[in-house]
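Read through the structure below, which is laid out as structure tokens, and then see the notes.
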Amino acid sequence: ALYLYDTNGTWADLDDDTYTIIDQVEGWIERITFYGDYITWLDTTDWYSCSPMTLKVYDLVSESTSVISNQIADFIYSRANNTVVYQFNGAYGRDIALYQLDTEQNTIICSAQGTQRNPHIRNNIVVWEDLRDSPSRRDIYMYNITSQTETKIAENATNLPYTNGTYIIYENTSGVQKYHIPTASTSLVSNSARTMSYAYPPEMNVNESYIVLLGSTLRLYNLNTSQTIV
């Protein structure tokens, strides 16, 4: 079960805590996020092997739980404030959708041929891996929510992308790369380190100013100064 505590209790008397059970499942609960008035999570009750699972949301104002999608693939979704992006099982492979928690509006932002996977969102930018041109080649695509435009930003990537809304971080055979969205320019971060692939939440890997790099030592890379901190 997923519990919501009111946090009004005291150390002197823990029994004055009160709580609400906001979901009770037969499987288990994964990938919980809690920002503002909404809690999101994955319900794996019907999941087995490669089958889909359910993405849910709890609204603290209306005190209600609802389903965003019951076709979530690979435990993958990403959230920035009231916007959720997720990969789901579409007609021709996995596709990418965007859901606004405050308006309950769901929009498919990419349904290209083949598989689109591992979306990540920050601010008004969504990035993902895309296999539309070849099932054996990972390309990196970006979607600008404000302008509603899609852009391919890299080919032959070797790891999933992350973004902080200004930069897109990804890997290829040359190393870790950073793509600067305002100038559409790419530069090398490191040829001897990797990003923390599949870190959850993705903020463990990149924030507004830094990337965490894995190598012989754990390092921070400053996106603004292009300096590495050991």
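The values are calculated or read from the model by the stated rules, or taken from the named source; none is laboratory data. Note that the structure is predicted; figures quoted are calculated from it, not measured. Note that we place each Cβ from the backbone using ideal geometry, even for glycine, and neighbour counts take in every protein chain shown. Each accessible area value is taken on the protein alone, full model and side chains, heavy atoms only, with ligands, DNA and RNA left out. Shrake-Rupley method; radii C 1.70, N 1.55, O 1.52, S 1.80 Å.
Quick grid of which residues meet (1) over 20 Å from ASP43 (Cα atoms); (2) acidic (Asp, Glu); (3) in contact with a helix residue (DSSP H, G or I) (Cβ under 9 Å, 6 or more places away or on another chain); (4) in contact (Cβ under 8 Å) with a residue 40 or more places away in the chain:
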{"site": "GLY90", "(1), (2), (3), (4)": "no, no, no, no"}
{"site": "CYS110", "(1), (2), (3), (4)": "yes, no, no, yes"}
{"site": "ARG122", "(1), (2), (3), (4)": "yes, no, yes, yes"}
{"site": "ASP130", "(1), (2), (3), (4)": "yes, yes, no, no"}
{"site": "ASP133", "(1), (2), (3), (4)": "yes, yes, no, no"}
{"site": "TYR143", "(1), (2), (3), (4)": "yes, no, no, yes"}
{"site": "THR158", "(1), (2), (3), (4)": "yes, no, no, no"}
{"site": "THR166", "(1), (2), (3), (4)": "yes, no, no, yes"}
{"site": "TYR179", "(1), (2), (3), (4)": "yes, no, no, no"}
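At least 1 residues being in contact with a strand residue (DSSP E or B) (Cβ under 6 Å, 6 or more places away or on another chain), farther than 26 Å from THR107 by Cβ and not aliphatic (A, V, I, L, M) is the threshold, and among the strands (runs of 3 or more DSSP E) wholly inside region 1-93 those reaching it are 2-5, 19-23. Filtering region 28-41 to residues that are modelled with pLDDT under 95 and closer than 17 Å to PHE88 by Cβ leaves GLU30, ARG31.
Could you tell me whether region 181-189 includes any residue that is open to solvent by less than 60 Å² (accessible area, probe 1.4 Å) and closer than 30 Å to ILE32 by Cβ? Among the residues of region 181-189, at least one is open to solvent by less than 60 Å² (accessible area, probe 1.4 Å) and closer than 30 Å to ILE32 by Cβ, which makes the answer yes. Tallying residues that are in a loop (DSSP other than H, G, I, E, B) and within 25 Å of SER66 (Cα to Cα) within region 94-132 yields 7.
Among the numbered conditions (1) open to solvent by 40 Å² or more (accessible area, probe 1.4 Å); (2) touching a Leu at 6+ places or on another chain (Cβ under 6 Å); (3) within 22 Å of PHE34 (Cβ to Cβ), the only one that GLU104 does not meet is (2). In region 67-101, of all residues being in contact with a Leu (Cβ under 7 Å, 6 or more places away or on another chain) and among the polar types (S, T, N, Q), the one that is nearest to TYR170 (Cα to Cα) corresponds to THR83. The number of residues in region 194-211 that are buried (at least 17 other Cβ atoms within 10 Å of the Cβ) and modelled with pLDDT of 90 or more comes to 1.
In region 154-178, of all residues being more than 18 Å from SER78 (Cα to Cα) and open to solvent by less than 20 Å² (accessible area, probe 1.4 Å), the one that is farthest from the chain's Cα centre (by Cα) corresponds to GLY175. Scanning region 129-153 for residues that are acidic (Asp, Glu), surrounded by fewer than 17 Cβ atoms within 10 Å (Cβ to Cβ) and under 19 Å from the mean Cα position of the chain (by Cα) yields a total of 1.
Within region 38-73, the set of residues being exposed (fewer than 14 other Cβ atoms within 10 Å of the Cβ) and among the charged types (D, E, K, R) comprises ASP46, GLU63. Please state which one of ARG94, ARG122, ARG79 is among the charged types (D, E, K, R) and open to solvent by 50 Å² or more (accessible area, probe 1.4 Å). Unique residue meeting the criteria: ARG94.
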